[in-house]
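Report on the structure given below.
The values are calculated or read from the model by the stated rules, or taken from the named source; none is laboratory data. Remember, predicted model here, so these are calculated numbers, not experimental data. Don't worry about glycine lacking a Cβ; one is built from the backbone with ideal geometry, like all the others, and counts go over all protein chains shown. The protein model used for the area step is the full one, side chains on, heavy atoms only, and it has no ligands, DNA or RNA in it. Shrake-Rupley method; radii C 1.70, N 1.55, O 1.52, S 1.80 Å.
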Amino acid sequence: MPAEKIFLQIKVTFLIVWGAVLLSCSSFAQQAVTIKIVDAMHKTPIEGARVYVKDHAYALRSDVNGLVAIPAQFSKATLNIRAKNYKPMEVNLPLKSASSLLLAFDSTLVNPVEQKLSFNRGDTLRGSYGPYRANNDLLYYDLNIRLNIAEKYLSGSNLIRFKMLSDDNRIQIDLFDNMQVDSILFNGKPLKYTRDFNAVFIDFPEKLKTGKIYDITFHYSGHPKETGRFGGLAFKQDSPGNPWIYTACHSIGASLWWPNKDQQPDEVDSMKISVAAPSDLMVISNGRFQNKADLGDGFTRWNWKVHYPINNYCVSLNIAKYTHFSERLGDLTLDYYVLPYHLEGAKRQFAQAKPMIECFQKYFGAYPFPRDGYKLIEVPYSGMEHQSAVTYGNLFQNGYLGRDWTGVGVSTKFDYIIIHESGHEWFGNSVTANDVSDAWIQEGWCTYTEGVYVECMFGYEDAIKYFNGYKSKVQNKAPIIGPTAVNHWPPGDQYSKGALFLHTLRHVVADDQKWWAMLREYAERFKYKNIYTADVINFFNAYFKRDFSPLFEQYLYHAGIPTLQVKFDKDRVAFRWKAEVENFNMPIKVRVNGEAHFIFPTAQWKSESLAGVAKEDWQVATDLFYVEVEE
């Protein structure tokens, strides 16, 4: 090789190596930093604090230990820190020391409704992602039970497979304290355990190793409680007096009737459900029917397989003398199970399911659970979003239990339960809130799907009417996002106000092509994931290349909605925002003689010319934006 080529090769190699060294040094200098947010008085960690990276349209959330990992690219940024009932704080990075950030509690910031809430240790054990939950990752459940209907008694076992995320000799599983723990087996030998409220702390004879996969088999029995909004596990009868057993344990907890890791963040990747019941009954559950076996004692075991991640409260039993009919949407199976004397009404009413799924697939992407199929199952309560096994009790009529749900003459055009509960397949079952305080991610989004369905089937004007009908249901007395790390279901505003917030965002974006594309991308990005509101904020900000953080902060973390203050003076109109969020700003449309245009209010007064228009002809588009107007 010529000398000049050798020299050139050496030079290039040197530059590459030197560049790698510089890159390494730069990466070292830009390492991520972790901050800890704690209560100034009690020195306890604050979970759920919002950390906004100033001028970067990025949001973070503190975990159960009060920790927040700040990405390396923000190592010199300014952080705005907000936490429920605490004075806000602004800090500049890098911090001079690694000490915790102390937030001062401020009683004047406590919401009057939330002030009346009280929680016990049981609420914390259930709602918090404590150390003996966080140290493992669920992989698989194999639930195998037998029902004694006459005694309202259940016995069985759950094989629980998990991978350890850190070395430890204890994990937490949950089962209501009225249920009996018969034994917990590990490698065929019984484990020791202690019970604390509805938590079961299981101790292993030696430390389980990080990255290793383990199985335990949890044997249990007892009389499940019939409690909660819809009954927990209920033993009922149909009109002719046949047994009709069902589960509905949303909020109250699936550990009411079976042992599981009863929390939001961690879901199994798949699950088997086996149920032995009297042979004259059908057992309909989640997932795909595998087979059934006559046990020779008057009982038959039904076996179902769930092929996707599933949250605990969605695991569903429906046992009755059902009859079955079905159809297909392409490769997707649609199966319907109803009592025989309701068959004709069901065939008429369930005809709404197929076009509904077509609408939802158009706007949100493919049905998330194709291998498990889609089912509607009749039950004696209004209904629930059980994954791939949506339960239905809306009496085979439109509206909600015979009522015009939003009071504007639109909801009588469709079956509210079919549409709402099926919308949860995308938002609630596929995309799930990581903490129950963020449940608007499920309920607000699902309520929004109702309006999307209306627009798909009946047009934009009906959708606008439908959304505006929800305003009468909003109370605005407490924030949508409630206390964190406890088992507390947020207020009902998470449904209607959450949907109205998304309705508002659509019209702030003011580009339907981008909006509909965003919905599909959102559903796909977070498919089979458990997310926080901070993830939603960051998705919106990145997708639209705008900072929507103040809007999320106002609508979700404060009880009230923004008020547009308006003043008319001769030939001009002045306007500004009044809101709890400092320097709140949001564009909004006004109609002048019926012609719409945007104005861009901030917290400071601005004005525009009326150009001879009477003030009654200058109207804020409150049908498109959920705001108050104050003159």
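On full extension, the segment bounded by ALA104 and ARG328 gains 74.8 nm, given 0.36 nm per residue less the C-alpha separation. Computed 3J(HN,Hα) for the range 461-473, one whole-Hz value per residue from the Karplus formula 6.51 cos²θ - 1.76 cosθ + 1.60 where θ = phi - 60°, is 5, 5, 5, 4, 4, 5, 4, 5, x, 6, 4, 5, 8, glycine and proline marked x.
At most 10 other Cβ atoms within 10 Å plus a DSSP loop assignment makes a site exposed; report the longest stretch of the chain without any exposed trypsin sites (Lys or Arg not before Pro). Don't skip to the end; give the middle numbers.
Details: sites that count: LYS43, LYS76, LYS96, LYS116, LYS212, LYS545, LYS570.
Between exposed loop sites, the widest span is 213-544.
Taking every alpha-carbon pair within the range 524-631, the share separated by more than 20 Å comes to 47 percent.
Want the number for GLU521 to LYS578: 0.36 nm per residue separation, take away the alpha-carbon distance, what's left?
The span from GLU521 to LYS578 would gain 17.2 nm if fully extended.
For a modelled paramagnetic label at SER155, 7 Å from Cα along Cα-to-Cβ, the residues of the range 196-239 in reach, with backbone nitrogen under 12 Å, are 220-223. Per residue, the convex hull spanned by the Cα atoms of the chain amounts to 229 cubic angstrom. Per the Cα gyration tensor, the range 333-446 maps to an equivalent ellipsoid with semi-axes of 22, 17, 14 Å, ordered largest to smallest.
For the range 447-513, what value does the Rg/Rh ratio take when both radii are computed over Cα atoms and Rh is the Kirkwood radius, given to two decimals?
On the way: Rg = 13.6 Å, Rh = 13.0 Å.
Over the Cα atoms of the range 447-513, Rg/Rh equals 1.05.
Computed on the Cα atoms alone, the convex hull of the range 85-159 gives a volume of 209 cubic angstrom per residue. Taking only the C-alpha atoms of the range 308-354, the Rg (one decimal) and the largest Cα-Cα distance, Dmax (whole number), read 12.9, 35 Å.
Could you work out the pair-distance distribution P(r) of the range 393-474 from its alpha-carbon pairs, with 10 angstrom bin width and percents rounded to whole numbers? It works out to 20, 47, 30, 3, in whole percents.
What part of the accessible area of the range 207-336, given as a whole %, is carbon or sulfur when the probe is 1.4 angstrom?
45
Accessible surface for the range 283-393, divided over its residues, is 33 Å² per residue with a 1.4 Å probe.
Here each label is just a point 7 Å from Cα along the line to Cβ, and for ASP137 and ALA293 those points are 3.2 nm apart. Per residue, the range 101-229 exposes 52 Å² of solvent-accessible protein surface, assessed with a 1.4 angstrom probe and all protein chains in place. Applying 1/(1 + (r/R0)^6) with R0 = 51 Å to the Cβ-Cβ distance of GLN73 and GLU206, what FRET efficiency is obtained, to the nearest 0.05? So, using R0 = 51 Å, E works out to roughly 0.75. Put the Cα centre of the range 282-321 next to the Cα centre of the range 248-273 and the gap is 15 Å.
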